[in-house]
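Report on the following structure.
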Amino acid sequence: MPPKPRKIPMRMCVGCREMKPKKELLRVVRSPEGRVSLDETGKKPGRGAYCCYNAECLRRALKQGQLDRQLEVRLGEEVNAQLTQTMQQLLASREAQP
């Protein structure tokens, strides 16, 4: 009997609204203390939403208020700027890796 194929968990990007494998997405998390940050590991505690590794998807999610809705919190301008800056740093570090 052949081994059963592993089920790949799928999540929806809050920006482009596409279903993708969880491993291909970046988690945005609101901690129990109320801090919002990007979670590369996908293991931080708190309420999460998923976004593609794409600055445009994050920008669209912030502009349309999708992250506010998913994380059940009102994001201010400084939090939006911090998330955008962190995303750009992550993208730059990913491109630098061979």
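Which of GLY15, VAL29, PRO3 sits farthest toward the positive end of the charge dipole of the chain, with +1 on the Cβ of Lys and Arg and -1 on the Cβ of Asp and Glu?
Going by the Cα projections, it comes out as PRO3.
Taking LYS7 as the anchor, which lysines have their alpha carbon closer than 29 Å to its alpha carbon, excluding any fewer than eight residues away along the same chain?
LYS20, LYS22, LYS23, LYS43, LYS44
At 10 °C and 1.306 mPa s, grab the translational diffusion coefficient of the chain from Stokes-Einstein with a Kirkwood Rh over Cα pairs, rounded to a whole number in µm² per second. Working shown, then result.
On the way: Rh = 14.1 Å.
Approximately 112 µm²/s, per Stokes-Einstein.
Using alpha-carbon pairs under 8 Å, 6+ residues apart, how would you state the relative contact order of the chain in percent? Walk me through the numbers before you get to the answer.
Details: 129 pairs, mean separation 23.6, N = 98.
24 percent.
Run the quick spin-label model on VAL73 and SER31: label points 7 Å from Cα toward the beta carbon, then report their separation in nm to one decimal.
Result: 0.9 nm between the two label points.
For the residue pair TYR53 and GLU24, what label-to-label distance in nm results when each label sits 7 Å from Cα along the Cα-to-beta-carbon direction?
Here the answer is 1.2 nm between the modelled labels.
Once fully extended, how much extra length lies between GLN88 and LYS4, figured as 0.36 nm per residue of separation less the alpha-carbon to alpha-carbon distance? If you can, show how the numbers build up before the last one.
Working: separation 84, 0.36 × 84 = 30.24 nm, distance 3.89 nm.
Result: 26.4 nm gained on full extension.
From the helices alone, meaning DSSP H stretches of at least four residues, give me the mean residue ellipticity at 222 nm for the chain, per-run term -39500 (n - 2.57), in deg cm²/dmol to the nearest 500.
Details: 3 runs with 35 residues, N = 98.
Taking each H run of at least 4 residues, the total per residue is -11000 deg cm²/dmol.
All of the numbers you see were taken from the coordinates with simple rules; none came from a lab. This one's a predicted model, so the numbers in the text were calculated from it and none came from an experiment. All Cβ positions, even for glycine, are placed from backbone atoms using ideal geometry, and neighbour counts span all protein chains on display.
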